[in-house]
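To start, the structure under review is shown below, and the notes come after it.
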Amino acid sequence: MFRKFAIAAVAVATLATAAVTITPNEAFAGNRNRGGALAAGAIIGLAAGAIIASQAKPRYYAPVYAPVRCHNEPVQRWSPYHGQYIVVGYRQVCF
C-alpha cells in the first residue's frame, strides 16, 4: 500500500512541476501575478496523479489459513440394556 502511495506522490509531484514550468509567460511587462498559473498547474498535476493512481492494479496476496486442528470425538448414547452410556461411533471435530 505504501508503494502505491509513493508512486502516486512522485507522479503528482512530477506532473505538477512540469505543468507549472511549462505555463507560458505573459507577453506584456509588469505582470507579477502568477498565482493562477501555479494553481492551474497544481490542479492539473493532482488530477493526473489521481488518475494514474486509480489505474494501478493491486497485487493479489494468497490468504494465509491457520492450520486446522481435528480430532475424533466419541458419540455416546444411553443404553437401557447396559444401564449406562455406550460409544456408538466417532465423529471428526475440526476447529
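Quick rundown of the values:
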{"read-out": "Evaluation of residue 91 against (1) closer than 30 Å to residue 8 by Cα; (2) of a type outside the set (Phe, Trp, Tyr); (3) loosely packed, with under 10 Cβ neighbours inside 10 Å (one fails), failing number", "value": "(1)"}
{"read-out": "Inter-residue pairs, beta-carbon under 7 Å, first at pLDDT below 75 and in the stretch 52-64, second basic (Lys, Arg), 6+ apart", "value": "56/4"}
{"read-out": "Matching residues, the stretch 48-66, being among the aliphatic types (A, V, I, L, M), outside any loop (DSSP other than H, G, I, E, B) and loosely packed, with under 10 Cβ neighbours inside 10 Å", "value": "none"}
{"read-out": "Any hit, the stretch 27-34, residues being at pLDDT 85 or above and among the basic types (Lys, Arg)", "value": "no"}
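The values are calculated or read from the model by the stated rules, or taken from the named source; none is laboratory data. Here the structure is a predicted model, which is why all the values come from computation and not from measurement. So basically every Cβ, Gly included, is an ideal-geometry build from the backbone, and we count neighbours across all protein chains shown.
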